[in-house]
């Protein structure tokens, strides 16, 4: 699923999740959804940024418990796969809005696109330093005549 498709799903279809997710997972998801809706407004009042920050912090802190494995002895083990840098980024979304404005007004897609460009510049893992030097030399000679 592409990021734009996921964004459309997140913004427009949360009621569908209520019908398929267990209540505790749906309630957890709704904290993420509400915080994003607050931060995606055209103008985000301070009280909404503060509320979104509270919801996002709860979302991040509750994630290991919400997505834990429960074994036959009723022992819970956090699912480490969900503790990612993307989850950590949620912790900072409200501050990003304080610094740069509503979420809709800035995007990381250009950076992600550039990462793809960088990835395609290199062939294999041998002589990587030589490849980097060559590419930087060509780039600098093109950009800085």
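The values are calculated or read from the model by the stated rules, or taken from the named source; none is laboratory data. Remember, it's a predicted structure, so these values are computed and weren't measured experimentally. All Cβ positions, glycine included, derive from the backbone under ideal geometry; neighbour counts span all protein chains shown.
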Count of the range 88-145 residues which are within 26 Å of residue 57 (Cβ to Cβ) and modelled with pLDDT of 65 or more
20
Among the residues that make up the range 12-21, is at least one of them under 18 Å from residue 91 (Cβ atoms) and surrounded by 14 or more Cβ atoms within 10 Å (Cβ to Cβ)?
no
Restricting the range 87-101 to residues that are out of contact with any helix residue (DSSP H, G or I) (no Cβ under 8 Å at 6 or more places or on another chain) and part of a loop (DSSP other than H, G, I, E, B), the residue that is farthest from residue 48 (Cα to Cα)
92
Somewhere in the range 27-46, is a residue in a helix (DSSP H, G or I), more than 20 Å from residue 14 (Cα to Cα), at pLDDT 90 or above and more than 13 Å from the chain's Cα centre (by Cα)?
yes
